[in-house]
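Enquirer: Below is the structure I would like to discuss, written out as structure tokens.
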Amino acid sequence: MMREKLSWEVSVLADGVRHSVGDTVELRRGANTLRIAFRNRSGRSVKLDGFQFDGSGVSIPGPRLRLYREGWTAVAAAATRRYGERDFFVDPDYRRFAVVDADDYNSDEPNCFQAENVVVLNDSESGLSLLAGFVTAADYYNRFRIRLDESGVREFSIFVYGDGREVAPGETVLSEELLILEGPDGYALLEQYAACLGDRMKARVPQSVPTGWCSWYYYYSRVTENDALENLEWLRRHRTELPLDYFQIDDGYQPAPGDWLMPSEQFPHGPKFILEKIVEAGFRPGLWLAPFMVRSDSRLFREHPEFLIRDAAGEILYPIKWRGIDAAILDCSREDACHWLRELFATLKEWGCTYAKLDFMMYESCVTAGVRGRRRAGGGFGRVGTGRERICSFSAAPWCSGHASACWTAAGSGRTSPRTGGWNTSAAAKRRRCRTSAAISSTGAICTGGCG
């Protein structure tokens, strides 16, 4: 039995000093869980670098072991690896958006595998599987590193990142809670893990799977107001054949990321107009937003540059380009930026929007050179949507390209796999655009786990 043989050593790094179990560090055990407690007895404030679990005792020969590794965001790999293989290559330019510790990610070394949130080790001979996964995701990110050799598991390290959180004198802080399970069915263990994570994090579970039409999969960012109205009318007339709930406008309606409420060349009457038309047609309206992205040509950028993440010299950071133009990131450690988000979603709700498809949710927490408050487990929406403060309170708010654990809990749904579809500009496809878009929607363009 792998779990019975597995033993743990734990430590805490604070102000660069490693603390082992003793006066300041305690390993708290539950029936199937582990948690590290750190009490600051230094008499002064310290910065928490992180918690670390180190497991040992799995002596099953490496060639018999297979590993399922989960990813950090929707653009990360979630798949199995075997003895003798390497971890997945991640484009260096996009690595910081895909893995929690881009500098330490290693895809060159054979038998060295990394993961976030949860891993499953499977013994191909006995069929037994061992799961280790975090069932809370409220305050800290995590990472797993597993190394195999001929004799078994050479390294089983689990890191919980403190991100420099200040710990006051006498204060006790806890790591996220780690669940350890074992059984003959690895998939069943993942289902048990997901249920426990949802329970601990009070996941938003919809009463039914939402269905609807989404403009992205046919029109992409070229969608226009007339396109939306044409499809809306077709769906209204064919409601019996396609009994959809939602009608969602995706990327393309906004003049620039950040200006989500303004009219644009493609939507000259603005989002309020199209939301009202969707309600009149008998559907529940939805909009796509990337709430942390602020492009440098937007009105929000011009009027509120103080909302944006800056470097140590006070200069605005531009970690990405959006369609060739620099984009900055909203700093959700600022109360005024959070107030702007509250007002944004309150206005959309007042206009009738009931469904917000939230994209690029990892951006706020991936700007590592920024000077601002500490990262949180849901990215910026750790404050905005994972339980600290629910700014977006729509009936449905799935995440795309976000942190997996937050998608599973705060959002209630989200895309944790690559998107599908392709661009078809043929004349025949254009003639079929209403039926094609509706057919795509009816098969899951808007559904739990299918957004993107």
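The values are calculated or read from the model by the stated rules, or taken from the named source; none is laboratory data. These numbers were taken from a predicted model, which means no experiment stands behind them. When we count neighbours, we look across all protein chains shown, and the Cβ atoms used for this are built from the backbone with ideal geometry, even at glycine. All accessible areas refer to the heavy atoms of the entire protein, side chains included, with ligands and DNA or RNA removed. Shrake-Rupley method; radii C 1.70, N 1.55, O 1.52, S 1.80 Å.
Enquirer: Suppose each label sits 7 Å from its Cα in the direction of the beta carbon; what would the T172-E233 distance come out to in nanometres?
Expert: 6.7 nm
Enquirer: If you take every residue apart from E225 with its C-beta less than 13 Å away from the C-beta of E225, what net charge results, scoring Lys and Arg +1 and Asp and Glu -1?
Expert: -2
Enquirer: Go ahead and run the numbers for FRET between Y94 and A312, Cβ-Cβ distance against an R0 of 30 Å, rounding to 0.05. Walk me through the numbers before you get to the answer.
Expert: Working: r = 24 Å, r/R0 = 0.80.
After rounding, the FRET efficiency stands at 0.80.
Enquirer: Let me ask something additional. Could you compute the FRET efficiency for R44 and R147, with r as their C-beta to C-beta distance and R0 at 35 Å, rounded to 0.05?
Expert: Rounded to the nearest 0.05, the efficiency is 0.45.
Enquirer: Counting other C-beta atoms within 10 Å, and keeping those with at most 12, which DSSP coil GluC sites (Glu not before Pro) do you find in the stretch 204-243?
Expert: Sparse-neighbourhood loop GluC sites (Glu not before Pro): E241.
Enquirer: Based on the Cβ-Cβ distance from K202 to N32, what FRET efficiency comes out when R0 is 22 Å, to the nearest 0.05? Show your work: numbers first, answer last.
Expert: On the way: r = 19 Å, r/R0 = 0.89.
Plugging the Cβ-Cβ distance into 1/(1 + (r/R0)^6) gives 0.70.
Enquirer: Also: Taking the Cα-to-Cβ direction at V371 and at S126 and moving 7 Å from each Cα, how far apart do the two end points lie in nm?
Expert: 5.4 nm
Enquirer: What order do H269, H304 take when sorted by accessible area (1.4 Å probe), most exposed first?
Expert: Values: H269 115, H304 60 Å².
Ranking H269, H304 by accessible area, largest first, yields H269, H304.
Enquirer: Roughly how many nanometres apart are two label points built 7 Å out from the Cα toward the Cβ at D297 and N106?
Expert: Going from the D297 label point to the N106 one covers 4.5 nm.
Enquirer: If you split all Cα-Cα distances of the stretch 250-309 into 10 Å bins from zero, what percentages do you get per bin, shortest first?
Expert: Result returned by the calculation: 23, 47, 23, 7, 0.
Enquirer: What is the dipole size for the stretch 67-200, taken about its Cα centre, with +1 at each Lys and Arg Cβ and -1 at each Asp and Glu Cβ, in debye to the nearest 20?
Expert: 140 debye
Enquirer: Between E280 and E182, 0.36 nm times their residue separation minus their Cα-Cα distance comes to what?
Expert: Answer, rounded to one decimal: 30.0 nm.
Enquirer: I would also like to ask the following. Rounded, prolate or oblate for the stretch 188-334? Axes are the square roots of the Cα gyration tensor eigenvalues, ordered a ≥ b ≥ c, and the cut-off for rounded is a/c under 1.5. Walk me through the numbers before you get to the answer.
Expert: Working: a/c = 2.57, a/b = 1.18, b/c = 2.17.
Oblate is the answer for the stretch 188-334, as a/c is 1.5 or above yet b/c matches or exceeds a/b.
Enquirer: Can you tell me the length gained on complete extension of the stretch V17 to A195, counting 0.36 nm per residue apart and subtracting the Cα distance?
Expert: Length difference between fully extended and current span is 60.4 nm.
Enquirer: Using mean Cβ contacts within 10 Å as the protection proxy, how do 145-158, 335-348, 11-24 order, highest first?
Expert: 145-158, 335-348, 11-24
Enquirer: Shape of the stretch 1-142 from its Cα gyration tensor (a ≥ b ≥ c, root eigenvalues): rounded if a/c is under 1.5, otherwise prolate when a/b > b/c, or oblate?
Expert: oblate
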